[in-house]
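We did not get these values from a lab; they are worked out from the coordinates using the rules stated. Keep in mind the model is a prediction, meaning the values are calculated, not measured. Note: ideal-geometry Cβ built from the backbone for every residue, glycine included; neighbour counts use all protein chains shown.
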Amino acid sequence: MEPVIERPLGALWQRYRRYRGRFALAVLMSTVNKVADVVPELLIGAAVDVVVRGSGSFVADLLGVDSRHSQLAWLAAINVVVWVVESASEYAAAVLWRGLSQGIEHDLRVEAYDHAQHLHLGWHESRASGSTLATLNDDVNQLERMLDVGLPAILQTALNVLLVGIVFAIASWQLLLYAFLPIPVIILGSLVFQRRLEPLYDRVRGAVADLSGALSANLAGIATIKSFTAEERERARVEQVSAAYRDTNLRAIRASAAFVPLVRMAILAGFTCTLLLGGWATLDGELELGLYSVLVFMTQRLLWPMTDVAEVLDLYQRGRASTARILALLAEPVTVPAGTRALDRPVRGRVELRGVRAGYADGPDVLHDLDLVVPAGETHAVVGSTGAGKSSLLRLVLRFDDPRAGQVLLDGTDVRELDWDSLRGSIGYVAQDVYLFSGTIAENIAYGRPDATPAEVRAAAEAAAAADFIDRLDGGYDAWVGERGVTLSGGQRQRIALARALLRDPALLVLDEATSAVDNETEAAIQKSLRRAGERCTTIVVAHRLSTVRHAHRIWVLDGGRVAEAGTHDELVAADGAYAALWRVQTGEAVA
Ligand code: TTP
Ligand code: MG
C-alpha cells in the first residue's frame, strides 16, 4: 500500500523552507511587474484627460503644471521610467521563478532517487517496471511546470483582478460590478470543466502509460520478436495501443477546446456592459472621458487572461497529483534499515543460518526452518534442483530480504544489527543474472573499489580468467561495455563480474552460478584461482554443474527449501542419496 499524501503542496511548502526567501522575492518581483504593467493604461487615460480638460486635468492638479505640452512631457517621462521598471522586474521575476522551480526540481529528484535506492530490493521488484522511473522523471518535470508556469500565472491573474478592481472601485462601483460579473462565472465554469475533464485526462495518462510500456517492452524484446518473425503482429498491437491513445486524446481535446469560446462569451458580456453603460455615463457627464477610456482598456486586460484559467488550473492539478506521487515515494518506509554495529576487523566471514524461514511478499515460504553453518575460511557449496531456494538463501546473507523467522549471522552477529559497510562491504557477490554498467571494462571491474590501481584491476581479471580475452579486445581495459554489457558474450560478462567481486578482496565470496556460462577449460582455470582466493576468504558457491563444487569443504543439498543432505563430495556419493543420483547423471554413469 502506498502512503497517501493528504495536502501535497502544503507538505512541499513545509519540506522546502529554505526556498521561502527566494519565493517571497519572486512574488515581490511579479507584483512590481504587474503594477508597472497596469500603469501605462492609466497614463493613456491621463493623456486623454490632459487633452480634454487642459489646466483642469488630473495631472495638472497632481503636478501643478499648467501647460498641456509640459503635462504630456511629464507623462511621457513617467511612461519611460515605468517601462524600464516593468522590463527589469519581468526579467528578475522570470529568473527567480525559473531558478526556484529548477532548484526544487533538482533537490526533489535527487532526494527521491536517493530514497528509492535505499528501499529494499523486494519493494523495487514488486512494482511495475518503469513506474518508479515515471515518478522520478515525469512527475518531477510536471511539478517543475507547475512551479515555473502555473504558479506565476495564478499569481498574475490574482494581482490583475486586484489592481484592476482597485481602479474600477475608485472610478465607479457600478462599473466594477459589470466588469467583474463574468469572473465568478468563469471560475465556476473552469471548476466544472476541470471536474469533467479529469477522468478524460486520467484515461489519456493511462493510454500514454500503455503506449510507452508496449514500446519499451517491444524494443527490449526485439531479438525475440525477430526470431519468431512476429513483426506484423507486434506492429498491429502497437497500432492498436497508439490508436487508443489518439482516440482518448481526441476526446479530451474536444471537451477542453469548448472552454475558451465559452469564456469568450462571458468576457463579451462584461466588455459590452463597460463599453455601453460607461459610454452613456460619460455622455451624461457622470464619468470623465479619460477615466472611461482607461476602464475600457482595463476590462480587456482584466478579462482576456481569464481564458488561461482552465489551463492554469490544469497545470495546478497535474502538479498537485505529481507532488503527491513524489512525496508518497519519499514517505515510503525503509523496511530493511541498516543496523549500527560494526564488525571487528579483519572480518572472518563465518556465516550461520539459524532456523531461517523466508519467502517473498505475501507468497508462501520458500525456505523452511533452515540451519546451516559455513565456518570461516571454508568453501561451501549449495546445490539443488531449480527453484529449490539457492538464490533466496544467498539473498538473505546479503540481506536483500530479512527472514520471516530465525536469524542470519555473520561472524556471530545478526546481520540485522550490522551497518552496511560491515555486512555488504565484507562480501563479494556475483549474482545469477550479471549486471554490467555502461562504461569501460576497467571501470566495471573497479566498480566496488574505484581507487584500485590498474595493476590491481589486472590481477583481479587474471584471477577470474578474464585477462586473456580482455587483452584481445579492441582497446583492452578501456574497451567500452554497452548497457547491461551487450558488447560481451555471456561467459565474458560472468568473468568481468567475478573479477569485480574478487577485486574487493572480500572476507566472504558469494557466487550464484558465477561460472555457469563459461566452458569447462575456463572453468577449471577459474577454479584454480578461486581455490587460491579461497585460502584468504570464506566462499559460498551455488552451482548446477557439480564438477564446480566437488572440492568444496561441504556441500549442502537443498530440496524444496529444506536441507536434504550435506557433506563432502565423497560422503554424499557414498551416501547414495539425491546428490549421488545427480552426480551419476552428470558424469554420464546413469540416464535420468
Ligand atoms: P530461487 O531461490 O531463485 O531458486 P533457485 O536459485 O534454487 O533456482 P535456480 O536454480 O533456477 O536459480 O527461488 C526459490 C523460489 O522462490 C521459487 O519458487 C521462486 C521464488 N522466488 C520469488 O517468488 N521471488 C523472487 O524474487 C525469487 C528470487 C524467487
Ligand atoms: Mg538461483
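When +1 charges are put on Lys and Arg Cβ atoms and -1 charges on Asp and Glu Cβ atoms, the dipole computed for the chain relative to its Cα centre reaches about 400 debye. Along each principal axis, taking the top coordinate minus the bottom one, the Cα set of segment 1-44 gives 61, 21, 9 Å in descending order. Debye sum, Cα scatterers, segment 494-592, no solvent: what log₁₀ I/I(0) at q = 0.17 1/Å? Taking Cα atoms of segment 494-592 as identical point scatterers yields -0.83.
Residue by residue, segment 376-392 carries 3J(HN,Hα) couplings of 4, x, 8, 10, 10, 10, 10, 10, x, 5, 5, x, 6, x, 5, 5, 4 Hz when phi is fed to the Karplus relation 6.51 cos²θ - 1.76 cosθ + 1.60 (θ = phi - 60°); x denotes Gly or Pro. Its Cα centre serving as origin, segment 434-505 has a Cβ charge dipole (Lys and Arg +1, Asp and Glu -1) of approximately 260 debye. Extents of segment 439-515, largest first, come to 34, 28, 22 Å (Cα atoms, principal axes, whole angstrom). Close amide H partners of Arg341, meaning residues 5 or more places away or on another chain with modelled amide H under 5 Å apart, are Leu418, Asp419. Shown is the FRET efficiency for Arg17 and Ala88, computed with R0 = 30 Å from the Cβ-Cβ distance and rounded to the nearest 0.05: 0.60. Per-residue packing, averaged as other Cβ atoms within 10 Å, sorts the ranges 274-285, 383-394, 163-174 into the order 383-394, 163-174, 274-285, beginning with the highest. Extent along the principal axes, Cα only, for the chain: 120, 49, 49 Å, with the longest axis given first. Working from label points 7 Å from Cα in the Cα-to-Cβ sense, the Asp419 to Glu589 distance is 5.2 nm.
Model label sites at Trp480 and Leu188, defined 7 Å from Cα along the beta-carbon direction, differ in position by 6.3 nm.
Note on Arg562 and Glu234: with the Förster distance fixed at 35 Å, the Cβ-Cβ geometry gives a FRET efficiency of about 0.20.
Relative contact order of the chain, taken over Cα pairs closer than 8 Å and 6 or more residues apart, is 14 percent.
Shape analysis of segment 79-214 based on the Cα gyration tensor places the equivalent ellipsoid semi-axes at 42, 23, 11 Å, largest first.
If the only charges are +1 at each Lys and Arg Cβ and -1 at each Asp and Glu Cβ, what is the size of the charge dipole of segment 351-587 around the Cα centre, to the nearest 20 debye?
Here segment 351-587 has a charge dipole of around 200 debye.
In the calculated pair-distance distribution of segment 351-587, the portion above 32 angstrom amounts to 20 percent of the Cα-Cα pairs.
Per-residue counts of other Cβ atoms within 10 Å, averaged by peptide: what ranking do you get for 510-516, 374-380, 215-221, 51-57, highest first? Spell out each step's value before the answer.
Working: 510-516: 23.1, 374-380: 18.1, 215-221: 12.9, 51-57: 14.6.
Ranking, from highest mean packing down: 510-516, 374-380, 51-57, 215-221.
Globularity index of segment 65-142 is 2.24 (Cα radius of gyration / 2.2 N^0.38 Å, N = number of residues).
Run through the DSSP bridge list for segment 351-587 and note the antiparallel percent, rounded to the nearest 5. Write down the numbers at each step before the final one.
Working: 20 of 38 bridges.
Of those bridges, close to 55 percent are antiparallel.
Can you tell me how much longer the chain between Leu215 and Gln300 gets when fully stretched, taken as 0.36 nm per residue apart minus their C-alpha distance, in nm with one decimal? Before the final figure, lay out each step's value.
Working: separation 85, 0.36 × 85 = 30.60 nm, distance 4.71 nm.
Between Leu215 and Gln300, full extension yields an extra 25.9 nm.
Can you tell me the 0 to 90 degree angle between the C-alpha axis of helix 259-283 and the longest principal axis of the chain, rounded to 10? Between helix and principal axis, roughly 20 degrees. Based on alpha-carbon centroids, what's the gap between segment 1-79 and segment 414-479 in Å, whole number please? If you average the Cα positions of each part, the centres end up 63 Å apart. Distance from the alpha carbon centroid of segment 249-269 to that of segment 145-202 works out to 15 angstrom.
Multiply the residue separation of Val52 and Arg254 by 0.36 nm, subtract the distance between their alpha-carbon atoms, and state the gained length in nm to one decimal. Don't skip to the end; give the middle numbers.
Values: separation 202, 0.36 × 202 = 72.72 nm, distance 4.95 nm.
Additional length available on full extension: 67.8 nm.
Report, please, the projected area of segment 8-331 averaged over directions, based on the convex hull of its C-alpha atoms, in nm². Numbers along the way, then the final one.
Values: hull surface 86.5 nm².
Result: 21.6 nm².
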